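Enquirer: Before I ask anything, here is the structure I am working with.
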Amino acid sequence: MEWMAWTWPTAIFFICIACTLSVFTVLAIKFPETPRKGVLRIETTRGDRLFITLLGSAFINLAWLGVVSANQPFALIVCLIYAIAVFRWV
């Protein structure tokens, strides 16, 4: 796969995404849930909240790169706080 320019951080990122999707699939099978309404006033499931978290985290990281220009690991802390908030209140 030389044409894709894989690096270890990129591989780890995609492995983490694949593992997260696998865990959420097992959770959906083992513990089915009913949609709930949060602060957005729309019905969301675990998968919906995961998608919102991943999408928001992408925007947080892009904004961090463009505006802050500081160490990217600090953006991870912001993303984790965002993820906790989404899964708690959305």
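The values are calculated or read from the model by the stated rules, or taken from the named source; none is laboratory data. Since we're looking at a predicted model, the values are computed, not measured. So basically every Cβ, Gly included, is an ideal-geometry build from the backbone, and we count neighbours across all protein chains shown.
Enquirer: Working only within the stretch 73-90, note down all residues that are β-branched (V, I, T) and exposed (fewer than 14 other Cβ atoms within 10 Å of the Cβ). It would help to see each step written out before you state the result.
Expert: Going residue by residue through the stretch 73-90, those that are β-branched (V, I, T) are 77-78, 81, 84, 86, 90.
Across the stretch 73-90, the qualifying residues are I77, I81, I84.
To keep it simple, each residue is scored yes or no on (1) part of a helix (DSSP H, G or I); (2) surrounded by fewer than 14 Cβ atoms within 10 Å (Cβ to Cβ); (3) touching a Cys at 6+ places or on another chain (Cβ under 6 Å); (4) modelled with pLDDT of 95 or more.
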site	(1), (2), (3), (4)
P9	yes, yes, no, no
I17	yes, yes, no, no
T25	yes, yes, no, no
I29	yes, yes, no, no
E33	no, yes, no, no
G56	yes, no, no, yes
L62	yes, yes, no, no
L65	yes, yes, no, no
N71	no, yes, no, no
